[in-house]
Amino acid sequence: MLWFLQIALRQLFQPGKRFPAFAIVSILGVALGVAALLVVQTVMNGFGEEHRLRIRESFGDCVVLTRTTITNPAELVKKLRKDDEVLNAAAFTEGPALSRHGQFSGVAFVRGIDLTVKEQPARPYIAAGSFDDLDDGRVILGYGLAKTLRVNIGDKIELWSPAMAELAEKGQAPLPAELEVCGIVRTGFTEVDDRAAIIPIRRFRELWAMGSQAHGITLRFKNPNDAPAIAARLNVGSPEMHFVPWQEIKKNFLEAIRFEKTMLFFLMFIITLVASFSIGSTLFSAVIRRTREVGVLVSMGARRWQIVALFGIQGLMIGLLGTLLGFALTGSILAARENILTIINKIFGDGDMVANVYQFSKVPLHYDSSDFIVAAGFTLLVTTLAGLVPAIWAASRKPSEAMRHV
Amino acid sequence: MSKVLLEAKDLKKSFSTAAGSLDVLRSINLTVNEGESVSIRGLSGSGKTTLLQLLGGLEAPDAGEVLIDLKSQGLVSPHLHLGHGVGFVFQNFQLMPELNTLENVMLAAKILGTPDAEFKARTLIESVGLGSRLNHYPSQLSGGECQRVAIARALINDPTIVLADEPTGNLDEATGQQIINLLLGIVAKKQMALILVTHSREFAERTQRQLLLTKGVLSPG
């Protein structure tokens, strides 16, 4: 073993010493900084991923819109389904309507969906009832709208479409559509949950008197992350249509999540920086304490770079072990996150915030290897520099001066 | 006729102090032959340690030069060969507290890449009477034992000259006597030159030549 590596390891973990305080406290400091950084990043990634998934599942991977209605949606759906990247395509209709249940009423944003297509937006977020029960006499409501109308599964609501208003203007007396509530969805997006009413597209067309037309087409892709590129490709040659990938549907929201994550990274990185500064100051005092030893090593022929390496390695070792322990700590904290959250909720009496505010059944996680690489890289760099600065100072002293040092 | 091993020519050294420049060494001329032992005495602060550091290449003189015969390759400046050819023994032993006896002695060899470091270290430790203390750390050794380890460490690279800076300064009289016996015995046996800085007239008189450092100049003492 290289002599300076041997001494560096011995100075960190002194033989015969049961509790190498300096090493343990320094390594723990770095580990806590790294863990804080990674726990926040992983949970933020989890929230981001969960939100991205919700956007896709609530709105589709891509939405095809035109300036007016799509006159022959069946042909377009058929054409789009032939594309290699497209898993499924389904026409939809949408429009506002007045909904009523007894004395309670509200504006519903009604969406007509193709019942032959199973993978429909919002389907995974059914909170009560069943998506499969939907037929021409039934409706699925958003959680907020159901609350406004005070309805439960099995209750009946009335729906007035703009087409009915037109008939009324012409002196006719159309009857409202009476629909039984067969499901309630809760996506977590207020704009969907507070207004959504889902009915079969056939029924929608009937109520809106719009023949076989559609307002748009939702697409499912094999690789949803490539949605912008696929959408752009599909859009070529069809300037009258607008292919909106899911990343564009809630662009500001996704940007806000990304920005939040970046800001938190820098805030948490300061913690690691503080830990590294404490290592720097502790190593500095250790180097000063060992100034005479440095002089002796030089008198035995040690080179300056070897003296720098002797103390630099200690900073690197602290960084390396602290980072590894930080990784383990991150895994442990995240594995116990539900218990930790329960304790926090109990202490602050906030109830289940994750479920109430975000509609997530548990704290979401998403491990991103790049976060770990960046955290390890930054930490190793900072801790090594923290060790190198006093090391360079020690190595720059004349051996005779160093040996006079008391 | 013995070969000249170390030659110091008109060495000068001064230090800046708050009160102005302090001339510690005014004009030092010294020649040490192969296998010769020389003692240097002087009052505290007379510049003995500074002189030893100049001779060993730990400090550069303001004027003059030091030449050391290294491995019979002619006279070479010690600054270019720190550690080679010169073995240091310090008053405070200066052992690495994290290394045991064997490792402390081996360290000097490892730094210079001397082959057979462990074999040489074990032999030297045996020769200084610490064969049973190989795995003991400096904190587990007495002052005399620490100085024995330091002597073994100074000799492991087969130096042609040993510079000992008050090696008995921190030891009681009896232990000091043992250390001087050991040091003089080994250098005589290995035909090494020795420059011994000491306060003790008794120890100084055991070397072949005695010198006195007064007012920055060496004179026979």
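The values are calculated or read from the model by the stated rules, or taken from the named source; none is laboratory data. Just so it is clear, the model here is predicted, and its values are computed rather than measured. Every residue, glycine as well, gets a Cβ built from its backbone with ideal geometry; the counts of neighbours run over all protein chains shown.
Go through segment A:197-236 and report how many residues are within 32 Å of the chain's Cα centre (by Cα) and closer than 20 Å to A:Met164 by Cβ.
Quick first cut of segment A:197-236, residues within 32 Å of the chain's Cα centre (by Cα) only: A:197-199, A:215-236.
Pick out the ones that are also closer than 20 Å to A:Met164 by Cβ and you get A:197-199, A:215.
Counting residues in segment A:197-236 that are within 32 Å of the chain's Cα centre (by Cα) and closer than 20 Å to A:Met164 by Cβ gives 4.
Here A:Leu145 meets the list (1) without any contact (Cβ under 8 Å) to a residue 60 or more places away in the chain; (2) touching a Lys or Arg at 6+ places or on another chain (Cβ under 8 Å); (3) part of a strand (DSSP E or B); (4) not small (Gly, Ala, Ser) almost entirely, failing just condition (3). Of all the listed residues (A:Ile24, A:Ile7), the sole one being surrounded by 23 or more Cβ atoms within 10 Å (Cβ to Cβ) and part of a helix (DSSP H, G or I) is A:Ile7. Looking at segment B:57-64, is at least one residue among the small types (Gly, Ala, Ser) and within 14 Å of another protein chain (Cβ to nearest Cβ)? Yes; the residues of segment B:57-64 include at least one that is among the small types (Gly, Ala, Ser) and within 14 Å of another protein chain (Cβ to nearest Cβ). Under the condition of being more than 24 Å from B:Lys110 (Cα to Cα) and modelled with pLDDT of 85 or more, which residue from segment A:271-323 is farthest from the other protein chains (Cβ to nearest Cβ)? So, considering only residues that are more than 24 Å from B:Lys110 (Cα to Cα) and modelled with pLDDT of 85 or more, the one farthest from the other protein chains (Cβ to nearest Cβ) is A:Thr323. Across segment B:112-133, the qualifying residues are those that are within 14 Å of another protein chain (Cβ to nearest Cβ) and at pLDDT 90 or above, and the one among them that is nearest to the chain's Cα centre (by Cα) is B:Ala121. Scanning segment B:167-196 for residues that are closer than 24 Å to B:Leu141 by Cα and crowded, with 19+ Cβ neighbours inside 10 Å gives B:Pro167, B:Thr168, B:Leu171, B:Gly176, B:Ile179, B:Ile180, B:Leu182, B:Leu183, B:Ile186, B:Val187, B:Leu196.
Of all residues in segment A:207-229, count the ones that are assigned to a helix (DSSP H, G or I) and in contact (Cβ under 8 Å) with a residue 24 or more places away in the chain.
So the count comes out to 5.
Out of A:Ile199, A:Ile249, A:Ile288, A:Ile270, report the one residue that is β-branched (Val, Ile, Thr) and crowded, with 23+ Cβ neighbours inside 10 Å.
None of the others qualify; the one that does is A:Ile199.
The residue that is nearest to the chain's Cα centre (by Cα), among those in segment A:163-192 that are closer than 19 Å to A:Val151 by Cβ and part of a helix (DSSP H, G or I), is A:Thr190.
Look at A:Leu80 and say whether it is of a type outside the set (D, E, K, R), surrounded by fewer than 18 Cβ atoms within 10 Å (Cβ to Cβ) and touching a strand residue (DSSP E or B) at 6+ places or on another chain (Cβ under 6 Å). I'd like the intermediate steps shown before the answer.
Numbers: of a type outside the set (D, E, K, R): yes; surrounded by fewer than 18 Cβ atoms within 10 Å (Cβ to Cβ): no; touching a strand residue (DSSP E or B) at 6+ places or on another chain (Cβ under 6 Å): yes.
The answer is no for A:Leu80.
Taking B:Ile156, is it touching a strand residue (DSSP E or B) at 6+ places or on another chain (Cβ under 9 Å) and within 13 Å of chain A (Cβ to nearest Cβ)? In short, yes.
Quick check on my filter: what residues within segment B:90-104 are in a helix (DSSP H, G or I) and more than 8 Å from chain A (Cβ to nearest Cβ)? Show your work before the answer.
Pass one, segment B:90-104, residues in a helix (DSSP H, G or I): B:101-104.
Once the filter is applied, which keeps residues that are in a helix (DSSP H, G or I) and more than 8 Å from chain A (Cβ to nearest Cβ), segment B:90-104 yields B:Thr101, B:Leu102, B:Asn104.
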